[in-house]
Amino acid sequence: MKIPAHAPLHLLHTAAVGTLATHARQPEGFPYPSVLPFAPDALHRPTILVSRLAEHTHNLHADPRAGFLAVDAPDGDVLGGQRVTLLGRFEPVDSSPERVRRYLRYHPDAERYLVLGDFTFWVMKLERLRYIGGFGAMGWLDGAELDRLPPLAASEEDALIAEFGRRFDGAGGVELLGIDRYGADLKRDGVRRRFVFDGVGSDIETLHAALDICIDRHAD
């Protein structure tokens, strides 16, 4: 069935928490689900911060294949809400300054875990995903179909956030978390929100115009 354009992508920027399903070591082969926060990277893939001592981390070292479920059901109606199940492999990645800055914008409380030195970042390399958005809006996609455009460079996103961040703060206390070619991730009153651009931000000028519209719509 037909999937609305970019619906799974926007959902991965809306949900703050996901369910990670790894392969248990004991008893061997059973699915091992756990719930944890995540942030989308520049390619919209889940980035997780996990303890080296956690059972799911041990599972990933033994077998990196995993499932990841993200749901958006703000009214509690899970079956009527949007959800996407991702299939792929999680890979450990370094704690680069760019990755740390981006993750902490989405989850500032995670700074206390980074200080411990026991936590590492993992990113999911997507192979397949299944999106369900309601009646008649569901289906499978290959991982490469999630976004075929080149992502914004970290330096470009950082520059846009530095330029527009204070303006968003003046627009009713809205916090700017992240920017990509299709939308902006915002936080207001502790709740993450996704602002979908009217068109694709193919260049910096287009992104500037889209962010100006976003600020106007969120101004009190």
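List of remarks:
- Just one of the listed residues (Ile161, Ile179) is β-branched (Val, Ile, Thr), under 17 Å from Pro108 (Cβ atoms) and not assigned by TED's automatic domain parsing to the domain that holds Val17, namely Ile161.
- Only listed residue being surrounded by 12 or more Cβ atoms within 10 Å (Cβ to Cβ), in contact (Cβ under 8 Å) with a residue 24 or more places away in the chain and in contact with a strand residue (DSSP E or B) (Cβ under 7 Å, 6 or more places away or on another chain), chosen from Arg167, Arg194: Arg194
- Screening Ile3 with (1) touching a Phe, Trp or Tyr at 6+ places or on another chain (Cβ under 9 Å); (2) more than 30 Å from Met138 (Cβ to Cβ); (3) assigned to a loop (DSSP other than H, G, I, E, B) gives one miss only, at (2).
- Take the conditions (1) of a type outside the set (Phe, Trp, Tyr); (2) under 22 Å from Pro74 (Cα atoms); (3) in contact (Cβ under 8 Å) with a residue 40 or more places away in the chain; Gly173 misses just one of them, which is (3).
- When Gln26 is tested against (1) surrounded by fewer than 16 Cβ atoms within 10 Å (Cβ to Cβ); (2) within 26 Å of Val200 (Cβ to Cβ), exactly one condition is not met: (2).
- A single entry from Ala42, Ala62, Ala73 fulfils the requirement of being small (Gly, Ala, Ser), more than 23 Å from Val115 (Cα to Cα) and under 12 Å from the mean Cα position of the chain (by Cα): Ala42.
- Only one of the listed residues (Arg45, Arg52, Arg83) is touching a strand residue (DSSP E or B) at 6+ places or on another chain (Cβ under 9 Å), of a type in the set (Lys, Arg) and over 24 Å from Tyr182 (Cβ atoms). That residue is Arg52.
The values are calculated or read from the model by the stated rules, or taken from the named source; none is laboratory data. In this text the structure is predicted, and so the values were computed from the model without any measurement. No Cβ is skipped: glycine too gets one built from the backbone with ideal geometry, and neighbour counts run over all protein chains shown.
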